[in-house]
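A quick write-up on the structure given underneath.
The values are calculated or read from the model by the stated rules, or taken from the named source; none is laboratory data. In this text the structure is predicted, and so the values were computed from the model without any measurement. Note that each Cβ is placed from the backbone with ideal geometry, even for glycine, and that neighbours are counted across all protein chains shown.
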Amino acid sequence: MKRVNIGLIGCGRLGRTHAACLAKIPEAVLNAYADVDEKAAQAMLQEFGGSYATTQVQRIFDDDAIDAIYICTRHDSHAPLAIAAALAGKHILIEKPLALSIQDCQAVADAVAKAGVYLMPAFKMRFYPLIQEARAFLPRPQILVGQMMDSRWGDHLWVQDPVAGGANVHSQGCHTTDILRYLAGSEPVAVWAAGGAMSHPGHPCIDQCVATIRFANGHVASWIQGDAAPGPFTSKFFFQLFGAGKSVQLYDRLKKGTFFDGKATREETRPEEEGFQLENHEFIHALLENRTPVITAQDGIQATRMVLAADAAIRTGQVQQL
């Protein structure tokens, strides 16, 4: 059996989540773990097995036994780590966002293209079965709604740091913008938004955003993002699609969906969230099959571009043309 040997950088919550998913994929072999906290890396080695744990990421880059690297670190480290991995000839799965600036996103994409390696941003929501079903059921929605609302983030969380995390809209907004672009089946051409630092007054980064996105095909999306409060009825993730006399509502963290075909309503329920496991399966099997993963650096660039456009619209009051 062909196998993919993996080095994992970042042994926190997301790193552990990916490791647990990889442990269920026979073709995936976790070889090495790196983290600034040596105890965290050693704990992962003990739990999931492998060859070594280290605080030196260069050891993983220089390891000829490693085929692919998982980057599960703070957002500001994504670009330099991904570029170094590409230069080392390693394939890359990188947690979202690809980077917090378009310049860094493009630098990653350029390095990957030059090195001839594969990179997949970890947009797990693409892989939820009900997202896929919604896209097949209503492939050309005229109106879309995407909402991701959280409980207020703690002031001292690293994701609230303007450099390391960028706060809620910049940290998580790429998930919502990616799904809206994916479901629209078209590229964004204009963004208008209102919002600001409402949950964290005086913070340099926005934490609430209500945006309108117009796509090249003329269809329109409403995007709501923030940490003002969760919605108990909809749950954190909530999407709606409308068009051609049909509609779809996805809720309960995308485990439940209502599909209306103009005559009858059908309810669908999934027993659990499946995005993490399915995205890992896709990445590993793309490498085994020597093909481009279904999500690429370009998807990461566009998701970040939409977030940055909304930020600019909030700060200037002007529609942003993409």
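List of remarks:
- The lone exception for G166 - which of (1) over 21 Å from H219 (Cα atoms); (2) touching a Lys or Arg at 6+ places or on another chain (Cβ under 9 Å) it fails: (2)
- Flag if G165 is buried (at least 19 other Cβ atoms within 10 Å of the Cβ) and touching a Gly at 6+ places or on another chain (Cβ under 9 Å): no
- Close Cβ contacts (under 7 Å, 6 or more residues apart or on different chains) running from residues in the stretch 267-289 that are within 15 Å of A23 (Cα to Cα) and surrounded by fewer than 18 Cβ atoms within 10 Å (Cβ to Cβ) to residues that are modelled with pLDDT of 95 or more and among the aliphatic types (A, V, I, L, M) comprise E282/V294.
- Count - residues of the stretch 287-322 that are in a loop (DSSP other than H, G, I, E, B) and in contact with a strand residue (DSSP E or B) (Cβ under 6 Å, 6 or more places away or on another chain): 4
- Of all residues in the stretch 3-24, those that are closer than 17 Å to K124 by Cα and in the same structural domain as T73 (by TED's automatic domain parsing) have Cβ atoms under 6 Å from Cβ atoms of residues that are crowded, with 23+ Cβ neighbours inside 10 Å and among the aromatic types (F, W, Y), 6 or more apart or on another chain, in H18/Y70.
- Residue within the stretch 178-189 that is over 19 Å from the mean Cα position of the chain (by Cα) and either of a type outside the set (S, T, Y) or buried (at least 21 other Cβ atoms within 10 Å of the Cβ) (or both) present: yes
- Note on the stretch 118-144: among residues that are closer than 19 Å to D261 by Cβ and assigned to a strand (DSSP E or B), the one that is nearest to the chain's Cα centre (by Cα) is L144.
Residues are listed down the side, and each one gets a yes or a no for (1) assigned to a helix (DSSP H, G or I); (2) farther than 22 Å from E274 by Cα:
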| residue | (1), (2) |
| --- | --- |
| K2 | no, yes |
| G7 | no, yes |
| L14 | yes, no |
| C21 | yes, no |
| A32 | no, yes |
| D63 | no, yes |
| D76 | yes, yes |
| A79 | yes, yes |
| A82 | yes, yes |
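- Which listed residue is hydrophobic (A, V, I, L, M, F, W, C), at pLDDT 95 or above, outside any strand (DSSP E or B) and out of contact with any Phe, Trp or Tyr (no Cβ under 8 Å at 6 or more places or on another chain), from V112, V108: V108
- Of I102, I143, all but one fail to be of a type in the set (A, V, I, L, M, F, W, C), surrounded by fewer than 22 Cβ atoms within 10 Å (Cβ to Cβ) and closer than 26 Å to I83 by Cα; the exception is I102.
- Among the residues making up the stretch 236-286, those that are small (G, A, S), within 29 Å of G218 (Cβ to Cβ) and outside any strand (DSSP E or B) are A244, G245, G262, A264.
- Selection from the stretch 247-266 of residues that are more than 16 Å from I179 (Cα to Cα) and polar (S, T, N, Q): S247, T258, T265
- Per-region count, the stretch 231-258, residues more than 22 Å from F276 (Cα to Cα) and touching a Lys or Arg at 6+ places or on another chain (Cβ under 8 Å): 3
- Test for G154: is it more than 20 Å from F242 (Cβ to Cβ) and modelled with pLDDT of 95 or more: yes
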